[in-house]
Amino acid sequence: MKILFAGGGTAGHINPAIAVANYIRAKKPDWDILFIGTKEGLETKLVPKEGLKIKYINIKGFKRKLSIDNLVTVRDLFIGMLQARKIIAEYKPDIVIGTGGYVSGPVVLNASMMKIPTIIHEQNAIPGVTIKILSRFADVIAMGFEESKNHFKTVNKLVHTGNPIRQELINIDKETAKRRLGLDNKPVILAVGGSLGAQKINESIVEYIKSIYRKNKVYLMFGTGEKQYQDVLDTLKSQGIDLEIDKNIRVFPYINDMNIYAASDLVICRCGAMTLSEVTAMGKPAILIPSPNVTHNHQEYNARALEKQGAAIVFTEKELDSKKLNNQIENLLKDQKLLQQMAKNSFNMGITNAAEKIYNIVIELLKESGK
């Protein structure tokens, strides 16, 4: 069998596809898997890193205001459609899975017109534009959040699978992770602003670092985002903070070490669907700061779903300042009963078998198509 994945741009669209692809490889090692992405997205790094094949097409999104760039986008869309059709015709996939991002549009649409079974997966509580358009053509719509069902018209196609996550996250226990990282029993705080970073979160965490520097009370694992990494290091240095002296504070451009996630007692992060799916699968209490720069404010909807279940505390970016964040962290670390209850609530929300559910949908569609 040949399985074609299309998804790209951000890690939130790529990682679920990789998680499903790896699950399929484990179950069916003889099946062939190919990704389609763009050369501008993170898929150029993340997909080959997993030993998976990838081909590229030209596609980008429309500006949300009148712009000459949109004429170029129309041209690229036409080219992308032709490129996607050529790859599909040559590869001859038995099924196509789209996980969002602009690249999934021409791939899933072409596959549907070519009568190839298709699955699309929406990670967020509010569907993106591409997925909403493709929902009219796809055979199955897999949902990361139950709440997203209210935004689709084709109810008979909907399946709540949850978001596929990296299996390594649920295969490592906290104590093993701490031992591997050389940590003792101090609380471990994980703070990340996403793969690209988030300036206001980074600024607030820098202020928090100033309050804990050389006090030996907590461990802080801080992912700045690649674009802002050097700026954060320069700011810390200008504030007299030497990371060589205080080894309890560790700063990274991007955190991909599963041990750091597993070891954490509290997570401070944005509210992308995949991030929250991993947070709940591991049962981590969280302080959530939704990005205001996303379509339909979907990150706040994602965050409120956890807040409603008592698994997280939410600050909008307007509400966030370093003093509020510092106080909230201190209050949670002092109230272990509350922190443990939040962890339990988070774990109860987690879905750890989403990749298996999507794999089962693949098997059913293949049977229905006579494969």
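The values are calculated or read from the model by the stated rules, or taken from the named source; none is laboratory data. For clarity, every value in this text was computed on a predicted model and none was experimentally measured. Glycine gets a Cβ as well: all are built from the backbone with ideal geometry, and neighbour counts include every protein chain shown. Please note that ligands, DNA and RNA were not included when accessible areas were found on the heavy atoms of the full protein model with its side chains. Shrake-Rupley method; radii C 1.70, N 1.55, O 1.52, S 1.80 Å.
Here residue 287 meets the list (1) in contact (Cβ under 8 Å) with a residue 40 or more places away in the chain; (2) over 26 Å from residue 99 (Cβ atoms); (3) open to solvent by 40 Å² or more (accessible area, probe 1.4 Å) almost entirely, failing just condition (3). Within the range 250-269, the residues that satisfy the criterion of being over 16 Å from residue 228 (Cβ atoms) and either among the hydroxyl-bearing types (Ser, Thr, Tyr) or not in a strand (DSSP E or B) (or both) are 256, 257, 258, 259, 260, 261, 262, 263, 264, 265.
Restricting 165, 120 to residues that are under 13 Å from residue 358 (Cα atoms), touching a Gly at 6+ places or on another chain (Cβ under 7 Å) and aliphatic (A, V, I, L, M) narrows the list to 120. Checking each residue in the range 1-35 for being of a type outside the set (Lys, Arg), open to solvent by 50 Å² or more (accessible area, probe 1.4 Å) and part of a loop (DSSP other than H, G, I, E, B) picks out 1, 10, 29, 30. Residues in the range 109-126 that are of a type in the set (Gly, Ala, Ser), open to solvent by less than 10 Å² (accessible area, probe 1.4 Å) and more than 18 Å from residue 11 (Cα to Cα): 111 only. Scanning the range 127-139 for residues that are open to solvent by 20 Å² or more (accessible area, probe 1.4 Å) and not aromatic (Phe, Trp, Tyr) yields 128, 129, 130, 132, 133, 136, 139. Any residue in the range 115-133 that is modelled with pLDDT of 95 or more, within 25 Å of the chain's Cα centre (by Cα), of a type in the set (Gly, Ala, Ser) and not in a strand (DSSP E or B)? Within the range 115-133, none of the residues are modelled with pLDDT of 95 or more, within 25 Å of the chain's Cα centre (by Cα), of a type in the set (Gly, Ala, Ser) and not in a strand (DSSP E or B). Screening 162, 182 for residues that are on the phi > 0 side of the Ramachandran plot and within 21 Å of the chain's Cα centre (by Cα) leaves exactly one candidate, 162. The set of residues from the range 89-112 being over 17 Å from residue 130 (Cβ atoms) and in a helix (DSSP H, G or I) comprises 89, 90, 91.
The residues on offer are 302, 293, and the sole one that is free of Cβ contacts under 8 Å to residues at least 40 places away in the same chain and within 18 Å of residue 12 (Cα to Cα) is 293.
Looking across the range 75-108 at every residue that is out of contact with any helix residue (DSSP H, G or I) (no Cβ under 8 Å at 6 or more places or on another chain) and of a type in the set (Phe, Trp, Tyr), the one that is most open to solvent (accessible area, probe 1.4 Å) is identified as 78.
Contact annotation: residue pairs with Cβ atoms under 7 Å, 6 or more positions apart or on different chains, pairing a residue in the range 347-371 that is in contact (Cβ under 8 Å) with a residue 60 or more places away in the chain and under 16 Å from residue 169 (Cα atoms) with a partner that is hydroxyl-bearing (Ser, Thr, Tyr) and not in a helix (DSSP H, G or I), are 354/161. Of 307, 278, all but one fail to be within 30 Å of residue 132 (Cα to Cα), open to solvent by less than 50 Å² (accessible area, probe 1.4 Å) and not hydrophobic (A, V, I, L, M, F, W, C); the exception is 278.
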